[in-house]
Structures are given as C-alpha cells and as structure tokens.
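Comments concern the structure below.
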Amino acid sequence: MTAIQLGMPSVPARPLTPRRKSRQIMVGNVAVGGDAPVSVQSMTTTLTSDVNATLQQIAELTASGCQIVRVAVPSQDDADALPAIARKSQIPVIADIHFQPKYVFAAIDAGCAAVRVNPGNIKQFDDKIAEIAKAASAAGTPIRIGVNAGSLDKRLLAKHGRATPEALVESALWECSLFEEHDFRDIKISVKHNDPVVMIEAYRLLAERCDYPLHLGVTEAGPAFQGTIKSAVAFGALLSQGIGDTIRVSLSAPPVEEIKVGNQILESLGLRQRGLEIVSCPSCGRAQVDVYKLAEEVTAGLDGLKVPLRVAVMGCVVNGPGEAREADLGVASGNGKGQIFVKGEVIKTVPESKIVETLIDEALKLAEQMQADGVISGEPIVDIA
C-alpha cells in the first residue's frame with residue numbers, strides 16, 4: 001500500500017477570503033496593494049543620524065525577513081543622513097516625518113522610497129500639501145498618511161470627543177482629498193489605535209470608503225507578549241477579511257522581534273509560504289517525557305533552518321503518533337524512547353536522550369532533499385549568521 005504523503009503544503013493555503021481590491025503603489029521595489037503579497041515592515045530604533053548603526057540594524061532586519069523599513073527624522077542631522085541610508089540600505093527606506101514639513105522635502109530629495117506623514121501633528125501641514133504633492137509626484141515618491149489616535153487633529157477631537165473609528169477615518173480621508181485636489185494619489189493609509197477593537201472598526205470603515213492600500217498597525221501595542229497578542233488578534237481579524245496590504249507589529253522589543261511576529265501571522269493565515277513550524281503538545285498527565293524541554297531543545301536546534309518544514313514533538317501515545325505521522329518529521333515519545341516519523345512512516349525508535357539530535361539530523365536530510373528536488377532555492381538552507 002502506498003503511503004500518503006502528508007505534512008507541509010508546498011504552496012500557501014487558500015486565503016480565507018479574497019483580498020480587498022485596492023490600487024497598487026511601489027515602495028522602492030516592493031509592490032504594496034493590488035494583488036501584491038502582504039509585506040512586513042519595521043522601524044529602526046537607532047538615531048538616524050548615526051548612519052552606520054542605522055544601516056547595521058537595517059541589515060539585521062533584512063536578514064530576519066523585513067521587506068520595508070522606516071527611519072525617524074526628528075532633526076536636521078537625521079535628515080542629512082537620509083541620502084546615505086537610502087542609497088546603502090538593502091530594502092526600501094521610508095522616512096517618518098513629524099512636526100517639520102521641511103523634512104518631507106529633504107526625504108524626497110534624499111531618494112527615500114516613501115514618506116510617512118502624520119497630519120495631526122504637523123503645524124500648517126494642509127498649507128504645504130500642494131508643494132509636497134508636486135515634489136513627491138516629480139520624484140515618484142509615495143506618501144503614507146499615518147493617522148494615530150494619540151496625535152489626532154485637534155479639530156476632529158473636538159468634533160468627535162475622542163479618537164473614535166469615525167474620527168480616524170475622517171482624518172485620513174480628509175488629507176487624501178487635499179492631495180487628490182492636486183491629482184496626487186500615490187498614497188497608502190494607516191489609522192492606528194492602541195485598542196484592537198477600535199483599530200479593527202476603523203480599518204473596516206476605511207476599506208469601505210476608499211481603494212487606497214492600507215498599512216495595518218496597532219500602535220503602542222505594548223511589551224512583547226501583550227503586543228503580539230493584540231497585533232495577532234487585530235491583524236487576523238482584518239487580513240482574514242481581505243483587508244490589509246502591509247503590516248507593522250509595534251512592540252516594546254527589539255525590531256527583529258516585530259518581523260518574526262509579523263511573518264508568523266502571515267504564515268498562520270496562509271498569506272505567505274510557511275517556513276519551519278514546530279507542532280508540540282501542551283503536555284498533560286499522560287506525558288511520559290518532559291515535553292516542554294524537548295520542544296525547546298528541538299526549536300533551538302532547528303533555529304535558522306530556512307525550509308517549509310513541519311516538525312511534530314509529541315509526548316504521549318494518544319495524539320502523538322497521529323500528529324507525528326501527519327508532519328514532515330515527528331516524534332511520538334513515551335517509556336523513555338521515541339518513535340521517529342518521516343513523511344508518515346516510522347523510520348526508527350531511539351532512546352529519549354537521542355531524540356533531539358535525531359530530529360535535527362533528519363530535518364537537515366529533508367532540507368537537503370527539498371533543495372535537490374527544487375522545492376526550495378539553492379540558497380543556504382541554514383542561516384548561520
């Protein structure tokens with residue numbers, strides 16, 4: 001009888017719903033909106049004026065899967081650093097502008113891939129839109145209109161009483177209309193709030209009222225654990241409805257962690273080819289091995305393996321064999337030993353002390369075979385940087 005080959009799909013799962021139809025813009029060489037894949041962004045935490053430190057962090061973000069990066073430009077020294085950063089960065093650089101309209105022009109002149117502006121805290125911003133639209137149009141530089149609950153235009157706060165979904169959307173669309181008066185529509189929009197429920201409603205309203213690409217974010221999401229949960233809930237709700245074209249997970253944590261979370265969210269929703277996935281049981285009274293320790297050691301041992309591989313680490317005979325059989329690679333543990341499964345077949349039984357090294361060895365064999373079969377590219381299958 002021929003074994004059924006289960007495990008990781010070779011292509012992403014079908015999205016839960018068709019993507020919202022939006023116009024497409026180009027942020028450097030990354031398409032945003034339309035039928036382009038949802039991209040993942042982050043923001044540097046270095047002083048932008050420190051060119052070397054900023055480029056080093058951008059390189060780290062790029063290696064972790066970041067596709068677009070944003071840098072803060074609060075001072076003239078930061079603006080002066082933009083040309084070198086934009087020229088040497090491996091991924092498109094967006095200049096983040098607050099308070100000073102002159103830095104918008106500096107960013108455009110520096111060759112930044114896009115400019116993010118927050119109209120609510122740029123004094124007399126509306127009066128500068130004609131000039132900004134002209135300069136951005138001439139350079140082919142997109143503008144992100146980034147509305148935040150914490151810096152909403154005072155006129156709209158007075159009208160709505162607080163940063164409601166309606167207030168956020170009204171602010172964004174008002175600014176878009178000012179650009180549209182000058183025939184500029186190379187725009188993407190964000191309407192961020194720290195409350196996922198308010199944020200979700202704001203983006204739903206915005207999606208109904210325009211066709212601009214949308215940048216999703218829960219602003220000030222919090223420390224790593226809390227921020228991850230809030231972002232996953234909000235992004236999952238919107239992306240599962242086809243809303244969202246690029247995302248930034250805002251965490252009080254190193255920016256590389258934002259990229260890890262963002263990529264995992266997209267993979268979980270079938271919006272990106274899944275990479276390495278560890279399936280492990282939560283443990284219970286049936287477990288005859290230390291599942292927590294086993295799962296942590298396997299995860300650490302396979303860290304950096306860049307292949308679409310599902311590995312099951314199971315601790316008992318109830319669900320263990322079934323889960324291990326359905327993964328590309330797995331172990332069903334018990335009584336001081338583990339049955340090793342590869343593509344649904346038991347290939348060997350090893351002592352508990354050998355489970356981790358055996359799984360790592362078999363994972364590397366599978367990765368090499370996938371590379372030989374052309375399932376993955378010829379790039380290194382293990383990132384040892």
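The values are calculated or read from the model by the stated rules, or taken from the named source; none is laboratory data. From a predicted model like this one, the values you see are computed outputs, not experimental measurements. Every residue, glycine as well, gets a Cβ built from its backbone with ideal geometry; the counts of neighbours run over all protein chains shown. Calculation scope for accessible area: heavy atoms of the full protein, side chains included, ligands and nucleic acids excluded. Shrake-Rupley method; radii C 1.70, N 1.55, O 1.52, S 1.80 Å.
Close amide H pairs (under 5 Å, H built 1.01 Å from N) link Arg144 with Val115, Arg116, Val117, Lys188, residues at least 5 positions away or on another chain. Comparing Met314, Met43, Met370 in a Gaussian network model of the chain where C-alpha atoms under 10 Å apart are linked, the largest mean-square fluctuation is found at Met370. Over the C-alpha trace of segment 184-270, radius of gyration and Dmax come out as 12.4, 40 angstrom. Per residue, the average separation of C-alpha pairs within less than 8 Å and at least 6 apart gives segment 276-373 a relative contact order of 22 percent. Semi-axes of the equivalent ellipsoid of the chain are 45, 22, 18 Å, computed as sqrt(5λ) over the eigenvalues of the C-alpha gyration tensor in descending order. Placing dummy labels 7 Å off each Cα toward the beta-carbon, the span from Glu357 to Val318 is 3.3 nm. Given the DSSP H assignment, sum -39500 (n - 2.57) over each helix run of at least 4 residues in the chain and divide by its residue total; what's the result at 222 nm in deg cm²/dmol, nearest 500? One gets -12500 deg cm²/dmol as the mean residue ellipticity at 222 nm.
Projected label points at Glu296 and Arg209, each 7 Å from Cα along the beta carbon direction, are separated by 4.9 nanometres.
Of Lys293/Lys365; Lys102/Lys159; Lys21/Lys188; Lys102/Lys134, which pairs sit farther than 19 Å apart, going by alpha carbon to alpha carbon? Beyond 19 Å: Lys293/Lys365; Lys102/Lys159. Going 7 Å from the Cα of Val279 in the Cα-to-Cβ direction, what parts of segment 340-375 have a backbone nitrogen less than 15 Å from that spot? Backbone N within reach: 340-346.
If I take R0 = 25 Å and measure r between the Cβ atoms of Asp126 and Gln76 in this structure, what FRET efficiency does the formula 1/(1 + (r/R0)^6) give, to the nearest 0.05? With R0 = 25 Å, the Cβ-Cβ based efficiency is 0.60. With every protein chain in place and a 1.4 angstrom probe, the accessible-area ranking of Ser353, Ser49, largest first, reads Ser353, Ser49. The solvent-accessible area of His98, taken with every protein chain present and a 1.4 Å probe, is close to 50 Å².
Largest GNM mean-square fluctuation across Gly320, Gly344, Gly374, computed for the chain with C-alpha springs under 10 Å, falls on Gly374.
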